[in-house]
Amino acid sequence: MGRLTRRAFALAALSAFTTTGAAAAPAGERRATTTEMRGMWVATVSNRDWPSRSGLSAAEQRAELIALLDLAVSRRLNTVVLQVRPTADALWPSPYEPWSQVLTGVQGRSPGWDPLGTAVTEAHARGLQLHAWFNPYRVATHDDPARLVASHPARRHPDWVVPFGGRLYYNPGLPEVRAFVQDAILDAVRRYPLDAVHFDDYFYPYPVAGQSFDDEAAYDAHGGDFSGRAAWRRDNVDRLVLETAARIKAVRPTTQFGISPFGVWRNASTDPRGSGTRALQSYDDIHADTRKWVREGWIDYVVPQLYWNIGLSAADYAELVPWWAEVAKGSRTRLYIGEALYRAGDPTQPAAWQDPAELSDHLDLAARHPEVRGHVFFAAKDVRTDRIGAMARVVADHYPRRAEPPR
């Protein structure tokens with residue numbers, strides 16, 4: 001992806017493709033010469049995108065999942081990023097963690113089917129990639145351990161858990177926590193032919209005014225070789241990334257490892273290597289050295305969440321795309337851009353997001369940078385409702401034919 005003549009080339013080079021989204025395309029229609037990421041996140045935490053509510057029957061849950069896969073096909077997308085471990089729980093029969101309550105409404109209760117296994121099979125039948133999205137350290141969106149099922153690892157190991165900002169988190173500074181998180185993820189990699197393991201932007205939690213993340217005991221035990229707690233915390237996250245990458249390749253070499261971080265690494269006012277932004281900094285605030293992971297090629301792909309409009313003074317999309325393109329240049333890590341479809345048409349958002357052309361303009365801008373090899377849209381509910389037709393505009397302007405995802 002990335003040439004200014006992309007659409008003209010695609011129209012000339014690709015065979016006709018039509019779909020109702022009701023079934024997989026015939027094999028002859030699956031061939032495409034364009035290669036770019038066209039992804040859609042499906043968030044399950046708090047039942048954001050799927051299932052529509054907890055407690056649906058297995059048949060109802062499955063039907064909703066299939067409808068989302070068909071939706072991706074109908075919008076000429078090629079990848080679904082499904083959240084399968086939203087809060088230290090599982091959307092597959094994991095021996096490490098309980099069934100997620102987003103399925104039945106009761107944590108630990110079997111839904112009577114295998115959502116992740118079904119998602120992989122049905123996505124592949126439709127020519128889609130299935131990227132399994134894991135949140136590494138979030139345990140609960142509340143701060144009461146007693147509300148967790150009795151068998152939950154966080155209750156069996158209360159010393160692993162840190163309450164912060166009204167939520168519960170595993171402590172990234174404990175080696176046993178990092179090992180356990182990886183074990184839980186690797187179980188899914190062993191069971192299913194996942195196209196990728198996908199992390200989002202939650203490593204250390206985002207700052208909360210007046211609160212501190214209480215990892216002093218872990219720092220005292222493990223942080224002696226570091227200049228300070230921030231450097232130790234960054235090393236903890238680095239270790240998670242490196243170790244997870246190595247273990248994925250050892251189990252299933254064809255499975256990719258990708259991360260979707262917060263869109264600002266550091267501001268140029270803090271670090272001359274940073275971007276011309278005035279925003280939260282992932283390096284300093286959540287201890288994620290996202291630039292290093294890309295430059296060192298530790299991950300297969302990166303999807304920075306550039307959830308801001310063109311021209312926003314604090315974090316301009318037009319400033320951040322070339323910054324990330326320069327970071328990815330010469331690296332083995334592929335660059336995709338995370339797009340804030342959820343903002344389009346939201347009346348609480350700035351005027352730019354009331355324009356159906358804003359997202360399409362994002363893709364036009366990104367096409368000037370050959371390092372950008374596709375886009376992922378947040379999220380599935382918004383692809384479906386498409387309040388002001390922003391997604392339809394993207395499809396009409398940029399996705400006239402089907403495309404294969406980068407491999």
Pairs, first touching a residue at least 40 places away in the same chain (Cβ under 8 Å) in the range 104-120, second assigned to a helix (DSSP H, G or I) and surrounded by fewer than 17 Cβ atoms within 10 Å (Cβ to Cβ), C-beta under 7 Å, six or more apart = Pro111/Ala58; Gly112/Ala58; Trp113/Ala58
Does Phe226 qualify as being touching a Phe, Trp or Tyr at 6+ places or on another chain (Cβ under 9 Å), part of a loop (DSSP other than H, G, I, E, B), open to solvent by 50 Å² or more (accessible area, probe 1.4 Å) and under 17 Å from Leu174 (Cβ atoms)?
-> yes
Options Asp187, Asp159; residue that is acidic (Asp, Glu) and in contact (Cβ under 8 Å) with a residue 24 or more places away in the chain = Asp187
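One line per residue, one yes/no per condition, for (1) open to solvent by less than 10 Å² (accessible area, probe 1.4 Å); (2) in contact with an Asp or Glu (Cβ under 8 Å, 6 or more places away or on another chain):
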position: Gly276; (1), (2): no, yes
position: Gln305; (1), (2): no, yes
position: Ala325; (1), (2): yes, yes
position: Gly330; (1), (2): no, no
position: Ala366; (1), (2): yes, no
Does the range 207-223 contain any residue that is under 24 Å from the mean Cα position of the chain (by Cα) and of a type outside the set (Phe, Trp, Tyr)?
-> yes
Among (1) closer than 11 Å to Ala344 by Cβ; (2) surrounded by fewer than 18 Cβ atoms within 10 Å (Cβ to Cβ); (3) within 20 Å of the chain's Cα centre (by Cα), where does Asp382 come up short?
-> (2)
Scope the range 194-223; condition loosely packed, with under 13 Cβ neighbours inside 10 Å and in a loop (DSSP other than H, G, I, E, B); matching residues = Val208, Ala209, Gly210, Gln211, Ser212, Asp214
Do any strands (runs of 3 or more DSSP E) lying entirely in the range 86-170 carry at least 1 residues that are open to solvent by 40 Å² or more (accessible area, probe 1.4 Å), and which ones are they?
-> 161-164, 167-170
Residue set Ala231, Ala250; condition free of Cβ contacts under 8 Å to residues at least 24 places away in the same chain, open to solvent by 40 Å² or more (accessible area, probe 1.4 Å), outside any loop (DSSP other than H, G, I, E, B) and farther than 25 Å from Ala379 by Cα; output residue Ala250
Restricting the range 288-303 to residues that are within 17 Å of Thr244 (Cα to Cα) and in a loop (DSSP other than H, G, I, E, B), which is most open to solvent (accessible area, probe 1.4 Å)?
-> Glu296
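The values are calculated or read from the model by the stated rules, or taken from the named source; none is laboratory data. What you see is a predicted model; the values in this text were computed from it and never measured. All Cβ positions, even for glycine, are placed from backbone atoms using ideal geometry, and neighbour counts span all protein chains on display. SASA here: full protein model, heavy atoms, side chains in, ligands and nucleic acids out. Shrake-Rupley method; radii C 1.70, N 1.55, O 1.52, S 1.80 Å.
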